[in-house]
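**Student:** Got a structure here, written out as structure tokens. Questions coming.
The values are calculated or read from the model by the stated rules, or taken from the named source; none is laboratory data. All of these numbers come straight from a predicted model, not from anything done at the bench. Backbone-built Cβ (ideal geometry, glycine too); neighbour counts: all protein chains shown. Areas reflect the complete protein model, heavy atoms only, side chains present, ligands, DNA and RNA absent. Shrake-Rupley method; radii C 1.70, N 1.55, O 1.52, S 1.80 Å.
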Amino acid sequence: VVSCDDKNDNTVNAMKSMAYSTIGTLFRIVCLYYVVTNAYEIRLFAIRTYGRVIHEFDPWFNFRATKYLAENGWTKFFRWFDYKVWYPLGRPVGTTIYPGMQILSVSLWKVLNWFQAISLNDVCVFVPAWLGATSSLWLGLLTAEASGSNHAGVIAAAIYAIIPAHIMRSVG
């Protein structure tokens, strides 16, 4: 025999549980937003300080490869033999690099130019910061899935957003 008071207590407890769950979910979403936003802001420090400049050898080479892909297309890119690198030998660039970053940069550049004119240089400057921030989010989601704990996912994303080794390779 179940009394009316027991039914009311169960309903109240279920509503409290649902409210706590909703508040917890909203709190984790706000924390993830804060983590991703700050990860992005950290990576923009050099851009804000020195401007949209590509410096150092690897980023400059990646920009040259991206520019070549944008100007010449897929076929020529994958057959490209660059005489300017590894002088005097040269290098078959299209078949000896991982072209994911170049393909992504050219694709983003074309999509962004539908909305507003943006230079390929600016896209190549911002892509590491964009990918660094989103990779923090994806690591958090992967951690939550693998561990079964949403809290662990938020903490993993927060830690990954500020790890110096990750920042070093994803700064704008």
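**Student:** Consider Thr96 against the criteria (1) open to solvent by 50 Å² or more (accessible area, probe 1.4 Å); (2) touching a strand residue (DSSP E or B) at 6+ places or on another chain (Cβ under 9 Å); (3) of a type outside the set (Gly, Ala, Ser): it satisfies all of them except one. Which criterion is unmet?
**Tutor:** The failed condition is (2).
**Student:** Within segment 99-109, track down each residue that is part of a helix (DSSP H, G or I) and either buried (at least 16 other Cβ atoms within 10 Å of the Cβ) or not aliphatic (A, V, I, L, M) (or both).
**Tutor:** Looking only at segment 99-109, we keep the residues that are part of a helix (DSSP H, G or I), and these are 100-109.
Scanning segment 99-109 gives Gly100, Met101, Gln102, Ser105, Val106, Ser107, Leu108, Trp109.
**Student:** Let me ask another. Determine the pairs where a residue that is at positive phi, located within segment 84-98, has a partner that is open to solvent by 100 Å² or more (accessible area, probe 1.4 Å) with Cβ atoms under 8 Å apart, the partner being 6 or more residues away or on another chain.
**Tutor:** As it stands, the answer is Gly90/Tyr83; Gly90/Lys84, since those pairs meet every condition given.
**Student:** Something else: Quick check on segment 30-58: of everything there that is of a type in the set (D, E, K, R) and assigned to a loop (DSSP other than H, G, I, E, B), which residue is nearest to Val127 (Cα to Cα)?
**Tutor:** It comes out as Arg52.
**Student:** When the residues of segment 51-86 are filtered to those that are β-branched (Val, Ile, Thr) and under 25 Å from the mean Cα position of the chain (by Cα), which remaining residue is least open to solvent (accessible area, probe 1.4 Å)?
**Tutor:** The extreme case among them is Thr66.
**Student:** Quick check: is even one residue across segment 116-135 closer than 30 Å to Ser21 by Cα and open to solvent by 40 Å² or more (accessible area, probe 1.4 Å)?
**Tutor:** Yes: segment 116-135 contains one or more residues that are closer than 30 Å to Ser21 by Cα and open to solvent by 40 Å² or more (accessible area, probe 1.4 Å).
**Student:** Let me ask another. What number goes with the only condition from (1) farther than 28 Å from Phe45 by Cβ; (2) touching a residue at least 60 places away in the same chain (Cβ under 8 Å) that Ala133 does not pass?
**Tutor:** Going through the list (1) farther than 28 Å from Phe45 by Cβ; (2) touching a residue at least 60 places away in the same chain (Cβ under 8 Å), Ala133 breaks only (1).
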